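**Student:** Before we start, here is the structure in question, set down as structure tokens.
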């Protein structure tokens, strides 16, 4: 079955999260995703709150920018979420937006090297290893978690470009793709991820999650067009969907057929009814997605 989720956009104030998270739990939505966009809302703090306010919905953070975070802190916070809410958290790490990283003095000369070092150390720490590392960016001296997760935790990375997609296949357990990814883009991402897996001698499943910009309601077309234009995607084929549950489900199925394991509906930044959008996804779209 294709997984289905919804993004809580950080354009909404943090105090709106409780109602949206509870609505997701009540209607049986599988996944609620959060962002750590600069300079809006913290990913781990909002994830912990959403998990505490709910009983069953899984909560993803996509993504934590690695230039902002020491890998030991990332590991501690991820492990804490998994110890408190086993099996319900997904934490994704990635480059972050380089202009934002520059604004806070954290821009790396080699983002790919930094991400690779962060992924290697994070996976090892979460598996309970004690590490001493002297890398270009990651330095650890006899570091181990006192409270590692009690079971294996997949580590995801966000990726868009070819080199990062290959790196994800080689050194991560799953990949998050942005809402600018068409079905053809998902196919190409899968190819590059699998290429990275082969080069690293890794086998096994690699989960792909993709955001889908979606709008519904009487002004859906206008809101979708405005958001695509703002993102410079107005001429991008196969990106975004506006319409009723049938139209949205068809777009979800196209991404799933292209290789996505989970599709996360991303409402427009001006979505007027976030709780209603959650109910729409769970009650109307979900039954149409096998």
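Just so it is clear, none of the values below were taken in a lab; they were calculated from the coordinates. These numbers were taken from a predicted model, which means no experiment stands behind them. Positions of Cβ are backbone-derived with ideal geometry, glycine not excepted, and every protein chain shown enters the neighbour counts.
**Student:** Quick one: in the range 237-262, which of the residues that are out of contact with any helix residue (DSSP H, G or I) (no Cβ under 7 Å at 6 or more places or on another chain), free of Cβ contacts under 8 Å to residues at least 60 places away in the same chain and surrounded by fewer than 22 Cβ atoms within 10 Å (Cβ to Cβ) is farthest from residue 284 (Cα to Cα)?
**Tutor:** Selected residue: 237.
**Student:** Of the conditions (1) in contact with a helix residue (DSSP H, G or I) (Cβ under 7 Å, 6 or more places away or on another chain); (2) crowded, with 22+ Cβ neighbours inside 10 Å; (3) assigned to a strand (DSSP E or B), residue 121 fails just one. Which one is it?
**Tutor:** If we test residue 121 against (1) in contact with a helix residue (DSSP H, G or I) (Cβ under 7 Å, 6 or more places away or on another chain); (2) crowded, with 22+ Cβ neighbours inside 10 Å; (3) assigned to a strand (DSSP E or B), just (3) comes out false.
**Student:** Suppose the filter is touching a helix residue (DSSP H, G or I) at 6+ places or on another chain (Cβ under 8 Å) and in a loop (DSSP other than H, G, I, E, B); does residue 150 pass it?
**Tutor:** Working: touching a helix residue (DSSP H, G or I) at 6+ places or on another chain (Cβ under 8 Å): yes; in a loop (DSSP other than H, G, I, E, B): yes.
Judged against the criteria, residue 150 is a match.
**Student:** Looking at the range 61-77, I want the residues that are in contact (Cβ under 8 Å) with a residue 40 or more places away in the chain and at positive phi and have a partner that is surrounded by 22 or more Cβ atoms within 10 Å (Cβ to Cβ) and part of a helix (DSSP H, G or I) with Cβ atoms under 9 Å, at least 6 apart or on another chain. Which pairs are those?
**Tutor:** none
**Student:** Now, a different point. Only one of (1) crowded, with 19+ Cβ neighbours inside 10 Å; (2) in contact (Cβ under 8 Å) with a residue 60 or more places away in the chain; (3) out of contact with any helix residue (DSSP H, G or I) (no Cβ under 6 Å at 6 or more places or on another chain); (4) more than 23 Å from residue 111 (Cβ to Cβ) is not met by residue 164, so which one is it?
**Tutor:** (4)
**Student:** Here are some residues: 138, 186. Which one is crowded, with 19+ Cβ neighbours inside 10 Å and under 29 Å from residue 277 (Cβ atoms)?
**Tutor:** Values: 138 fails: under 29 Å from residue 277 (Cβ atoms).
The conditions single out 186.
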